[in-house]
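Peer 1: Here it is, the structure, as structure tokens.
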Amino acid sequence: MTTEIDKDIINYLQGFCSEIVYERDEVIIYEGHVPRVGFVLLEGKLEIIMSKTKKEVSPNNAIGVKELASKEPFKYTVKIYPNTKVLPLDRSTLISLSKAKEENIRNFANELLLSA
Amino acid sequence: MSKESLPKKCQDCPSLMEGVFCDLGDESLNELSAHKITNLYKKGQTLFVEGNPPFGLYCISTGNVKVSKLGSGGRENIVRLAGAGDVLGHRSIFTDQYYSATATALEDTRVCFLDKKYILEKVGKEPSISKHIMFRLGRDLGASETKIASLSQKSVFERTAELLLLLSASHSEKCDEGKKITLKLTREEMASYLGTSSETLIRCLSELKSEDVVGQEGKNIVIKNEEKLVEFANLSY
């Protein structure tokens, strides 16, 4: 469901991607959809909704990234709440990361892309 | 519609020739097909929400989307209707601003998504995409100006007639009585688009029905007398 990300990789991603803060709540991934973008949660609230249960995502976890890489539909709905800060990872960014100079970054991206 | 039945290639999209990628060759379309994310949005699902950051371009393959802004008191105001071949989210990408409106599917709508980085690169390499996006920006700006003028200069009755003509041109099919509007908008949504209350809209529709200019076939509005409707809309062109 979620992927825990190493602090080193998060630090790299913060320099590579722009952090964004959501101003309004939004369903960012609908069940059955392929995510348009994966998200690394930095702070705030991301909620996974499965049937009637809800589960919160912890900071420094990524959601939707594997499904984005593999183009597989997500099995749950994900909602983001106001004032939540995330790092968005789109497909182009994953491809760029797979060519990074740093081995750990390349491995991180390639593991996701090659699992597709 | 199951995911398996969603066309995988851009070349197979029923709206290709209405879209911004219509001038691209096979090689470019194949590249697009590999990069895009296609999803089926059910009625009521949002593509993006006003005030949130843009991630890329949305290309409507089939279906219809309402673009709306939230007013004071949480009241929705529909500013635009988008259909097959239209793109959404492009203004936010090019102006680097957060979304200025919310896009919601009005029915089952198939939408392809291309991320911001990719589309900006593509626009740089393929001038025809820019040309088509500029065409749409120009068209939409013109429509917005017309709407602003109508809001200040026309009565609700005239604006109702104008909206029905717009829907007749974009979302209708011939029927025995005239033209049946195929886009199913609730009275609240129509009122929201016109900037009026549902009660006032219903009064205007009743008046049009009593003049035998429009009728009803089930839940669909039928335009029986388009000439008269044009007269009522008080078009300046």
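Peer 1: Looking at the range A:16-27, which of its residues are modelled with pLDDT of 90 or more and more than 9 Å from chain B (Cβ to nearest Cβ)?
Peer 2: Matches in the range A:16-27: A:Glu19 only.
Peer 1: Of all the strands (runs of 3 or more DSSP E) wholly in the range B:1-120, which have at least 2 residues that are at the interface with chain A (Cβ under 9 Å from one of its Cβ atoms) and at pLDDT 90 or above?
Peer 2: Passing ranges, in order: B:37-41, B:46-48, B:56-62, B:109-115.
A quick yes/no check of all residues on (1) hydroxyl-bearing (Ser, Thr, Tyr); (2) loosely packed, with under 13 Cβ neighbours inside 10 Å; (3) more than 24 Å from B:Gly83 (Cβ to Cβ); (4) touching a residue at least 24 places away in the same chain (Cβ under 8 Å):
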residue	(1), (2), (3), (4)
B:Glu121	no, yes, yes, no
B:Ser128	yes, no, no, yes
B:His132	no, no, no, yes
B:Glu227	no, yes, yes, no
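Peer 1: Out of curiosity, is A:Val37 facing another protein chain (nearest Cβ under 10 Å), at pLDDT 90 or above and within 12 Å of the chain's Cα centre (by Cα)?
Peer 2: So A:Val37 fits the description; yes.
Peer 1: Continuing with the same structure: I'd like to verify a number: residues in the range A:51-90 that are under 19 Å from B:Thr38 (Cα atoms) and not in a strand (DSSP E or B), how many?
Peer 2: Number satisfying all stated conditions: 14.
Peer 1: Here is a further query. Quick check: is even one residue across the range A:101-111 crowded, with 22+ Cβ neighbours inside 10 Å, at pLDDT below 95, among the hydrophobic types (A, V, I, L, M, F, W, C) and in a loop (DSSP other than H, G, I, E, B)?
Peer 2: No, the range A:101-111 has no match at all.
Peer 1: Quick check on B:Gln11: is it touching a residue at least 40 places away in the same chain (Cβ under 8 Å) and of a type outside the set (A, V, I, L, M, F, W, C)?
Peer 2: no
Peer 1: Moving on to the next point. Could you tell me whether any residue of the range A:57-67 is within 14 Å of another protein chain (Cβ to nearest Cβ), among the acidic types (Asp, Glu) and under 17 Å from A:Met1 (Cα atoms)?
Peer 2: Yes, the range A:57-67 has at least one match.
Peer 1: Also: Would you be able to tell me the number of residues in the range A:91-100 that are assigned to a loop (DSSP other than H, G, I, E, B) and either surrounded by 17 or more Cβ atoms within 10 Å (Cβ to Cβ) or not hydrophobic (A, V, I, L, M, F, W, C) (or both)?
Peer 2: Residues flagged as assigned to a loop (DSSP other than H, G, I, E, B) and either surrounded by 17 or more Cβ atoms within 10 Å (Cβ to Cβ) or not hydrophobic (A, V, I, L, M, F, W, C) (or both) within the range A:91-100 amount to 2.
Peer 1: Test each condition in (1) buried (at least 20 other Cβ atoms within 10 Å of the Cβ); (2) within 11 Å of chain B (Cβ to nearest Cβ); (3) out of contact with any Cys (no Cβ under 7 Å at 6 or more places or on another chain) for A:Val78 and report the one that comes out false.
Peer 2: (2)
Peer 1: In the range A:95-111, what residues are more than 10 Å from chain B (Cβ to nearest Cβ), without any contact (Cβ under 8 Å) to a residue 60 or more places away in the chain and within 21 Å of A:Glu72 (Cα to Cα)?
Peer 2: A:Ser98, A:Asn107, A:Ala109, A:Asn110, A:Glu111
Peer 1: In the range A:24-49, which residues are in a strand (DSSP E or B) and in contact (Cβ under 8 Å) with a residue 40 or more places away in the chain?
Peer 2: Passing the criteria: A:Glu26, A:Val27, A:Ile28, A:Ile29, A:Gly38, A:Phe39, A:Val40, A:Leu41, A:Leu42, A:Glu43, A:Leu46, A:Ile48.
Peer 1: Please work out which one of (1) within 17 Å of A:Ser96 (Cβ to Cβ); (2) surrounded by fewer than 16 Cβ atoms within 10 Å (Cβ to Cβ) is the condition A:Val37 fails and give its number.
Peer 2: In the conditions (1) within 17 Å of A:Ser96 (Cβ to Cβ); (2) surrounded by fewer than 16 Cβ atoms within 10 Å (Cβ to Cβ), A:Val37 misses (2) alone.
The values are calculated or read from the model by the stated rules, or taken from the named source; none is laboratory data. Worth saying up front: this structure is predicted, and the values here are computed from it rather than measured. Glycine also receives a Cβ, built like all others from the backbone with ideal geometry; neighbour counts cover every protein chain displayed.
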